[in-house]
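Student: Got a structure for you, written out below as C-alpha coordinates; questions coming shortly.
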Amino acid sequence: MGELLGACQRVAARPDSTLTWVPADFLQAQEVGPWSDMPVWVPADGEYAGFGRRSTARAHAAGLRTRPIGDTVQATLDWWRTLPDARRAKLQAGIMPEREAAVLAAWHAREPAP
(Lines give C-alpha, C1' and ligand atoms only; values in the text may rest on other atoms or scores of the structure.)
Protein backbone atom coordinates (compact mmCIF):
# COMPACT_ATOMS: atom_id res chain seq x y z
CA MET A 1 0.00 0.00 0.00
CA GLY A 2 2.87 2.34 0.81
CA GLU A 3 4.38 1.86 -2.64
CA LEU A 4 1.04 2.66 -4.30
CA LEU A 5 0.41 5.77 -2.21
CA GLY A 6 3.99 6.95 -2.69
CA ALA A 7 3.54 6.60 -6.45
CA CYS A 8 0.32 8.62 -6.20
CA GLN A 9 2.17 11.40 -4.37
CA ARG A 10 4.97 11.45 -6.97
CA VAL A 11 2.76 11.28 -10.06
CA ALA A 12 0.32 13.90 -8.79
CA ALA A 13 3.28 16.10 -7.80
CA ARG A 14 2.04 16.22 -4.20
CA PRO A 15 5.12 15.25 -2.18
CA ASP A 16 3.93 17.57 0.59
CA SER A 17 0.72 15.59 1.12
CA THR A 18 0.52 13.70 4.40
CA LEU A 19 -0.16 10.00 4.69
CA THR A 20 -1.64 8.83 7.97
CA TRP A 21 -1.37 5.13 8.74
CA VAL A 22 -4.39 4.01 10.73
CA PRO A 23 -4.95 0.44 11.96
CA ALA A 24 -7.68 -1.58 10.26
CA ASP A 25 -9.57 -2.10 13.51
CA PHE A 26 -9.87 1.68 13.99
CA LEU A 27 -11.13 2.13 10.42
CA GLN A 28 -13.64 -0.67 10.93
CA ALA A 29 -14.81 0.91 14.22
CA GLN A 30 -15.31 4.16 12.29
CA GLU A 31 -17.34 2.18 9.71
CA VAL A 32 -14.86 2.89 6.92
CA GLY A 33 -15.56 0.22 4.34
CA PRO A 34 -12.87 -1.63 2.41
CA TRP A 35 -13.13 -1.14 -1.37
CA SER A 36 -16.09 1.25 -1.13
CA ASP A 37 -14.61 3.94 1.12
CA MET A 38 -11.00 2.90 0.65
CA PRO A 39 -10.49 1.48 -2.86
CA VAL A 40 -7.67 -1.07 -3.04
CA TRP A 41 -7.61 -1.54 0.78
CA VAL A 42 -8.72 -4.86 2.20
CA PRO A 43 -8.02 -5.64 5.86
CA ALA A 44 -5.70 -8.59 6.38
CA ASP A 45 -8.17 -10.46 8.59
CA GLY A 46 -11.56 -12.09 8.47
CA GLU A 47 -13.02 -13.30 5.20
CA TYR A 48 -10.25 -11.76 3.10
CA ALA A 49 -7.26 -12.67 5.27
CA GLY A 50 -4.32 -13.30 2.98
CA PHE A 51 -6.00 -11.62 -0.02
CA GLY A 52 -3.10 -9.21 -0.51
CA ARG A 53 -0.51 -11.93 -0.06
CA ARG A 54 -1.56 -14.08 -2.98
CA SER A 55 1.39 -15.07 -5.13
CA THR A 56 1.35 -14.10 -8.80
CA ALA A 57 4.38 -16.27 -9.60
CA ARG A 58 2.39 -18.81 -11.63
CA ALA A 59 0.69 -16.08 -13.66
CA HIS A 60 4.05 -14.43 -14.37
CA ALA A 61 5.55 -17.82 -15.32
CA ALA A 62 2.64 -18.26 -17.74
CA GLY A 63 3.39 -14.91 -19.40
CA LEU A 64 1.68 -12.22 -17.34
CA ARG A 65 3.44 -8.91 -17.80
CA THR A 66 2.89 -6.00 -15.48
CA ARG A 67 4.03 -2.41 -15.66
CA PRO A 68 5.48 -0.26 -12.92
CA ILE A 69 2.92 1.06 -10.44
CA GLY A 70 3.87 4.64 -11.32
CA ASP A 71 2.86 4.01 -14.94
CA THR A 72 -0.53 2.72 -13.83
CA VAL A 73 -1.05 5.70 -11.52
CA GLN A 74 -0.08 8.12 -14.33
CA ALA A 75 -2.44 6.45 -16.81
CA THR A 76 -5.27 6.56 -14.28
CA LEU A 77 -4.67 10.23 -13.51
CA ASP A 78 -4.46 11.04 -17.24
CA TRP A 79 -7.79 9.28 -17.82
CA TRP A 80 -9.39 11.04 -14.81
CA ARG A 81 -8.38 14.42 -16.22
CA THR A 82 -10.19 13.68 -19.50
CA LEU A 83 -13.53 13.40 -17.71
CA PRO A 84 -15.91 16.36 -17.63
CA ASP A 85 -15.80 18.50 -14.47
CA ALA A 86 -19.37 17.48 -13.57
CA ARG A 87 -18.39 13.79 -13.59
CA ARG A 88 -15.24 14.38 -11.57
CA ALA A 89 -17.27 16.30 -8.99
CA LYS A 90 -19.36 13.19 -8.24
CA LEU A 91 -17.12 10.47 -6.84
CA GLN A 92 -18.43 6.96 -7.42
CA ALA A 93 -15.96 5.31 -5.06
CA GLY A 94 -13.83 6.42 -2.21
CA ILE A 95 -14.42 8.22 1.02
CA MET A 96 -15.84 11.73 0.78
CA PRO A 97 -13.42 14.45 1.92
CA GLU A 98 -15.66 15.51 4.82
CA ARG A 99 -15.90 11.92 6.08
CA GLU A 100 -12.15 11.42 5.69
CA ALA A 101 -11.54 14.58 7.73
CA ALA A 102 -13.87 13.32 10.48
CA VAL A 103 -12.15 9.92 10.64
CA LEU A 104 -8.72 11.55 10.76
CA ALA A 105 -9.89 13.95 13.48
CA ALA A 106 -11.14 10.99 15.52
CA TRP A 107 -7.81 9.23 15.01
CA HIS A 108 -5.77 12.23 16.10
CA ALA A 109 -8.08 12.92 19.08
CA ARG A 110 -7.86 9.43 20.55
CA GLU A 111 -6.24 8.86 23.89
CA PRO A 112 -2.59 7.91 23.49
CA ALA A 113 -1.79 4.32 24.35
CA PRO A 114 -0.37 3.92 27.89
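The values are calculated or read from the model by the stated rules, or taken from the named source; none is laboratory data. What you see is a predicted model; the values in this text were computed from it and never measured. Backbone-built Cβ (ideal geometry, glycine too); neighbour counts: all protein chains shown.
Student: Tell me the residue from 58, 65, 81 that is modelled with pLDDT of 90 or more and part of a loop (DSSP other than H, G, I, E, B), please. Let's see the steps before the verdict.
Tutor: Values: 58 fails: part of a loop (DSSP other than H, G, I, E, B); 81 fails: part of a loop (DSSP other than H, G, I, E, B).
When all the criteria are applied, what remains is 65.
Student: Further, regarding this structure: Report whether or not residue 101 is more than 19 Å from the chain's Cα centre (by Cα) and either assigned to a helix (DSSP H, G or I) or hydrophobic (A, V, I, L, M, F, W, C) (or both). Even if it seems obvious, please write down each step before you answer.
Tutor: Details: more than 19 Å from the chain's Cα centre (by Cα): no; either assigned to a helix (DSSP H, G or I) or hydrophobic (A, V, I, L, M, F, W, C) (or both): yes.
Spelling it out, it is not the case that residue 101 is more than 19 Å from the chain's Cα centre (by Cα) and either assigned to a helix (DSSP H, G or I) or hydrophobic (A, V, I, L, M, F, W, C) (or both).
Student: Here's a check for you: in the stretch 32-63, which residue that is over 16 Å from the mean Cα position of the chain (by Cα) and of a type in the set (Asp, Glu) is nearest to residue 108 (Cα to Cα)?
Tutor: 45
Student: Give the residue, chosen from 41, 35, 21, 80, that is in contact with a strand residue (DSSP E or B) (Cβ under 9 Å, 6 or more places away or on another chain), within 19 Å of residue 94 (Cα to Cα) and among the aromatic types (Phe, Trp, Tyr). Reasoning before the result, please.
Tutor: Values: 35 fails: in contact with a strand residue (DSSP E or B) (Cβ under 9 Å, 6 or more places away or on another chain); 21 fails: in contact with a strand residue (DSSP E or B) (Cβ under 9 Å, 6 or more places away or on another chain); 80 fails: in contact with a strand residue (DSSP E or B) (Cβ under 9 Å, 6 or more places away or on another chain).
The conditions single out 41.
Student: Checking the structure you have, find out if any residue of the stretch 5-12 is outside any loop (DSSP other than H, G, I, E, B), closer than 30 Å to residue 112 by Cβ, among the hydrophobic types (A, V, I, L, M, F, W, C) and touching a helix residue (DSSP H, G or I) at 6+ places or on another chain (Cβ under 6 Å).
Tutor: Initial filter on the stretch 5-12 (outside any loop (DSSP other than H, G, I, E, B)): 5-11.
When the remaining residues are screened for being closer than 30 Å to residue 112 by Cβ, the result is 5-6, 8-9.
Add one more test, that the residue is among the hydrophobic types (A, V, I, L, M, F, W, C), and what stays is 5, 8.
Imposing the further condition that a residue be touching a helix residue (DSSP H, G or I) at 6+ places or on another chain (Cβ under 6 Å) reduces the set to 8.
The answer is yes; a qualifying residue exists.
Student: Within the stretch 9-20, identify whether any single residue is under 24 Å from residue 79 (Cβ atoms) and touching a Ser or Thr at 6+ places or on another chain (Cβ under 7 Å), and answer yes or no.
Tutor: Our first condition is that a residue be under 24 Å from residue 79 (Cβ atoms); within the stretch 9-20, this holds for 9-15, 17, 19.
Then drop every residue that is not touching a Ser or Thr at 6+ places or on another chain (Cβ under 7 Å), which leaves 9.
Yes, that holds for at least one residue.
Student: Something else now. Six or more apart or on different chains, Cβ atoms under 7 Å: show the pairs whose first residue is in the stretch 1-28 and modelled with pLDDT of 90 or more and whose second is aromatic (Phe, Trp, Tyr).
Tutor: Going by the 7 Å Cβ cut-off, the qualifying pairs are 20/107; 22/107; 26/107.
Student: While we're looking at this one, here's another question. Have a look at 32, 42, 73 and point out the one that is surrounded by 14 or more Cβ atoms within 10 Å (Cβ to Cβ) and part of a helix (DSSP H, G or I). Steps first, answer last, please.
Tutor: Details: 32 fails: part of a helix (DSSP H, G or I); 42 fails: part of a helix (DSSP H, G or I).
The match here is 73.
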